[in-house]
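See below for the structure under consideration.
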Amino acid sequence: MYRKSSKISMTSYKIKETIEESNIDILGNSTMEFPTWVKIISKELKVDGAGLKLFEDKLLAKNNLVYTTINRTVGETPYGIDVPILLKPNGESKGLIIILGESALRTDDEIEEIKQKPSFNTILGTPYALHLKKCPPKCAVYRIIFDALLKEGYSLYITDIIKVWWKGKKGNMLVPDDLDINIFKQELQQFKNPIIVAWGKKSQDALKHRLEKKPNTDFLPLPHPGVNNWDSWKLRIFMKAVFNNNLEYAKKIYGKGPIGNETKTDGKIVANEAVRSIIEYMNIKK
């Protein structure tokens, strides 16, 4: 994963010092499309009333979740489905990065609300709530990453390896099934020479062991950027520094705070390291 021979540079990806959350403007830096929703996702999951118009009229316009129904029994209802998004930067694209996450997730409040709507069994949304103009606090780290990659000129296709979530789908149940793998294979076929970035063990295991090996299915494994994994990102930063014999790399990131304590891992540190890692990987793959 790390190369001893290559000295890490703090400026290998030229950001000022940190990516400022106040500068996030994803839709200002991109266009948003749903290229696999109609032809793959809604078809394979048997979604009623599926179509891009649903998102144009309801999801995006109201900046909210949409309720629908899937005619397939995959587990206990209600379900959560996040519709994959393609973000294209303003201007010419340098290439396509597929961000492969784990699964959709719905809050208890959202689950209780749909239970009051017996004609529906599914809550539709987008990965990391990207359709919402107001960023939920837990999604800020993802938006920082996506915004920075778009500004660098990369297109992003953002999807999950597990296509349908329900509240009981956790632990040993939270693994992709054959339908999930089949859908992702179809998603891959829509794009030419994508670079895959796999966030978290579920997506990485699926790529290693469940996906048929093809010339362009190499991928960059990264810890999931969610707050529960920030300690893993700290460990990764220090491992990277040790393997490259450049401890100053980690020391500069984790300097002393205003009261003399080591800087705590936060969303900006994770976002900066994720962006730097992806850009470095993209440069290697050229």
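Tabulated data for the structure shown
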read-out: Members of the range 116-131 that are more than 10 Å from THR69 (Cβ to Cβ) and of a type in the set (Val, Ile, Thr); value: ILE123, THR126
read-out: Residue within the range 205-222 that is touching a residue at least 60 places away in the same chain (Cβ under 8 Å) and within 19 Å of LEU87 (Cα to Cα) present; value: no
read-out: Pick from the range 134-167, criterion in contact with a helix residue (DSSP H, G or I) (Cβ under 8 Å, 6 or more places away or on another chain) and part of a loop (DSSP other than H, G, I, E, B), ranking: surrounded by the most Cβ atoms within 10 Å (Cβ to Cβ); value: LYS163
read-out: Selection count where residues are outside any strand (DSSP E or B) and touching a helix residue (DSSP H, G or I) at 6+ places or on another chain (Cβ under 7 Å), scope the range 63-83; value: 4
read-out: Filter result for ILE123 (surrounded by 18 or more Cβ atoms within 10 Å (Cβ to Cβ), in contact with a Gly (Cβ under 6 Å, 6 or more places away or on another chain), outside any loop (DSSP other than H, G, I, E, B) and among the hydrophobic types (A, V, I, L, M, F, W, C)); value: yes
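Coordinate-derived values only; no laboratory data. Because the structure is predicted, anything quoted here is derived from the model rather than measured. Reconstructed Cβ throughout: ideal geometry from the backbone, glycine too, with neighbour counts over all protein chains shown.
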